[in-house]
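A quick write-up on the structure given underneath.
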């Protein structure tokens, strides 16, 4: 279970604000004083209000569909609480939590909670009343679905594990044993550091979980599995204080308070992972990167993203941002409040300004620039990336990122565009000299690979070109079997049928696979007739193909000393014969450029009864949300396999 979206209205500096959350990791950044911590406090307050208002019904209520002993949220009026009772929000006065400090601004905090099968919105409204009290009620109480509420949660009345952690500067030298209720209250009130040893002691009682904790800690801090050992001394039955000593890389034990603040911070964060055992598990981390080395941050983010727990993290730390997948990063503008609803999505949903050549724009550098970082240069992405892909054009990176996302390939990669295959061929040799000289333990060149289109190339020529590029550059090379990366969606007709079936269904139009197959076959046949006549009769086309192939042949020879890819003289005629052979098998992808793909897909979806949205510039982007690992084209499978093995 996770928070799907979170809504804030009139709380501190926020009004009419909605965060569309990721179910695993949510890294929230922005310039200073943009209100990042306010989001964490709002989530924490929402959890606190949930706990204060939840109660068991003493009798049934037919109007609300509540049975006796069902759980509900108090009554719709008269739930008064002293403002000093709340621990989740730090305030200096009664008015502090209201927008513009005006108590007339009614606060609404609401979350849509979702599990695998269902979702429900749970919201609370805070009104100021006389004295020091707030009146707190369930949002839209009389229309709330109490039956679904009781069904969706398994661990009522306490189904939420919500922990708020702040940076730890130092650890007290002594700590007394405490009972679980006191520890729980300390964590809840953001004083978890005062119970750090108690929490380690309690985890130590479970040998298996403590071993997992040690392994995880060692992996994050030292990038191995066995560098940290603990010696925990004390008996809660007879001792007042707990003594915990730590050995780092077998260099002797020392008191845990003497460890570096970064290691203690990691220990604190990981402890939360083992304390959360609820229906909804949420951990709030306010700038946890303050004392953590950048490489450790990278390993920490990877661990948190795979933890099956929902994290909300605030930061303006460059290393942590660069270590996070763009689909998990939210950038909060300085002015987040307006009279109309403002929705925030991960920065991955934004469109970046493209460049024809050079490093493709990075979401990370985009964020670095917006928060005013001087180190926002894209070259840093290349230096820190796991892989660098040399591609033909800036659009290629968008498609490849989508394919990686569909296939759950979570590697940090950079795309370097060359504005065409011929530019890549002429420049790649110089890049090798430059990249081979950059790096410490390993040269930057060793992280590079090539992904290019086939253009006017036959299957035999593609194989020869792939091997020649790999031999001359030393780089793993992937050449699409299709004319361009865009036309890959046309090669696998079975996959295209499944994609279109899901797409049309989403539009309320039900078509059988057989019906879709017939439309695809019809439009492909029309294209074959048109293109065959064009290739037979258009002398300019044949001359253009011959000219491009001759230029590439010469370029390969002069730039890379490659001479055995394009053999013969009348190469345009060889290509024409190859194309006609492909046509006879019902294939068209080998000659479809980007414009052809757009026209063919538009004709197909129109024939299927879909009204064309004129605002959509690229039909493939309209279909991509309906593509998954089970219906993706074979070409996409091949690219995913290539990326995984390099």
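Readers should treat all values here as calculations from the given coordinates under stated rules, not as data from a laboratory. Every value quoted in this text rests on a predicted model; they were computed, and no experiment measured them. Please note: Cβ atoms are built from the backbone with ideal geometry, for glycine as well, and neighbour counts cover all protein chains shown.
Annotations
- Approximate spin-label separation residue 87-residue 236, in nm, with each point projected 7 Å along Cα-to-Cβ: 1.7
- Estimated FRET transfer efficiency (residue 564, residue 423; beta-carbon r; R0 22 Å; 0.05): 0.50
- The range 58-180 shape via C-alpha gyration tensor axes, a/c threshold 1.5: oblate
- Efficiency of FRET between residue 155 and residue 436 - r from beta-carbon atoms, R0 45 angstrom, step 0.05: 0.20
- Using the empirical formula 2.2 N^0.38 Å as the baseline, the Cα radius of gyration of the range 172-258 reaches a ratio of 1.12.
- Length released on extending from residue 140 to residue 205, taking residue separation times 0.36 nm less the Cα-Cα span: 18.9 nm
- Of the residues 404, 267, the one with the fewest other Cβ atoms within 10 Å heads the list, and the complete ranking is 404, 267.
- For peptides 485-492, 394-401, sequence by mean Cβ density within 10 Å, most packed first: 485-492, 394-401
- Between residue 532 and residue 518, the contour length at 0.36 nm per residue exceeds the Cα-Cα span by 2.9 nm.
- Label-to-label distance, nm, for residues given as residue 443 and residue 645 (7 Å Cα→Cβ offset): 2.4
- Diagonalising the gyration tensor over the Cα atoms of the chain and scaling each eigenvalue by 5 before taking the square root yields semi-axes of 54, 33, 21 Å, largest first.
- Subtracting the Cα-Cα distance of residue 68 and residue 226 from their residue separation scaled by 0.36 nm leaves 51.5 nm.
- Spin-label proximity, residue 507 to the range 564-604 - amide N less than 13 Å from point 7 Å beyond Cα toward beta carbon: 601-604
- Calculated P(r) tail over 23 Å for the range 1-93, as whole % of Cα pairs: 41
- Antiparallel %, DSSP beta bridges [both residues in the chain], to 5: 60
- Rounded to the nearest 500, the helix-only mean residue ellipticity at 222 nm of the chain stands at -12500 deg cm²/dmol, with each DSSP H run of n ≥ 4 adding -39,500 (n - 2.57).
- Taking label positions 7 Å along the Cα-Cβ direction at both residue 618 and residue 293, the computed distance is 4.0 nm, reported to one decimal.
- Calculated SAXS-style log₁₀ I(q)/I(0) at q = 0.09, 0.20 Å⁻¹ - the range 491-645, Debye, Cα scatterers: -0.40, -1.25
- Residue 57/residue 333 FRET efficiency (R0 41 Å; Cβ-Cβ; nearest 0.05): 0.40
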